[in-house]
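A.B. asks: Dropping a structure here in structure tokens format, bear with me for questions.
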Amino acid sequence: MSQETVYAIASGKGGVGKTTTTVNLGTALAEAGKRVVVVDADLGMANLAGFVSLSPDSTTLYDVLAGDASIDDATYRLADNIFAVPSGTSLDDYAETSPEGLGKAVAKLRSKFDYVFLDIGAGISHETVLPLGLADAVVLVSTPEPAAIHDSKKTLELTKRAGGSVAGLILTRTRPDSDVSHEDLADRLGVSLLGSVPEDSAARDSVYAGTPLVVFEPNGPGAVAYRRIAADLTDVDVAEPATDGGANRPAETEADSTQTAEPDGDSASREAAHDDVSSAITEAETDP
């Protein structure tokens, strides 16, 4: 089994499906019985805040990095086995953060969850580069377009400078009728091709429904691709979607049910209602 448990999901440019990829890989592993936390490490442009219904005084990663709260206080339960740590949206609060505190927060999450996914921002700012070195491995996300691949080279270079390593490349919104070789694109970057996610009409619908594609349309081509990539990336046995009301899904073991992935304190007060998740699971990436 892979010893890598903390992954930074990165892209050279926005709008390529990075957040969507993060959410769907995490959800696929959660459905396989693994405890997963998704961290919105895009401090400047938070994408996952709508994962939970936040009140103005809700605790976020901003508070953690400002030294005003623990990472447990900013961790919210979304559904079975999956949690989220949202960043804030206030520019004033952002100004008070110290990105260097992210390492301590990630270390704490590593000890509490099976997998940690860091959804990091595009660009070359300090808060973007830092998570690249904190993760066990970086997953590059890009579309096959030349501009996106070109920008992925910059992320690859930043990862090297941060002392990180790249697990490979995920290509999104691919088309079967294209004459572009996905393997060749990965070769140009000098990385392995982790998988390709085909253009799927259900993807946009899942965005507006606020439900991960692997749940929204589990038998669709996009969902199948994400589950396969999650399995290959982590060596976890990610089951095919159940067609019998859930009978084929991995059963929770007694050990799973007794292990505590809840943050310390009153976790019920920080549990996101299922309907509240709908506003932002992939709200940030609606462009084709």
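No value in this document is a laboratory result; all are computed from the given coordinates. Note that the structure is predicted; figures quoted are calculated from it, not measured. Quick reminder, even Gly has a Cβ in these numbers, built from the backbone with ideal geometry, and neighbours come from all protein chains shown.
A.B. asks: Can you tell me, using C-alpha contacts under 8 Å and at least 6 residues apart, the relative contact order of region 131-178 as a whole percent?
C.D. replies: Result for region 131-178 is 52 percent.
A.B. asks: Starting from the Cα of Lys153, draw a straight line to each of the lysines and keep only those under 26 Å, dropping any in the same chain fewer than 8 residues away.
C.D. replies: Lys13, Lys18
A.B. asks: Hey, rough spin-label estimate for Ser178 and Ser201, points 7 angstrom out along Cα→Cβ, what's it come to in nanometres?
C.D. replies: Result for the modelled spin labels: 2.0 nm.
A.B. asks: Non-local amide H neighbours of Ile170 (under 5 Å, H modeled in plane, Pro and chain starts lacking H): which ones?
C.D. replies: Placed amide hydrogens put Leu140, Val141, Ser142, Leu194 under 5 Å from Ile170.
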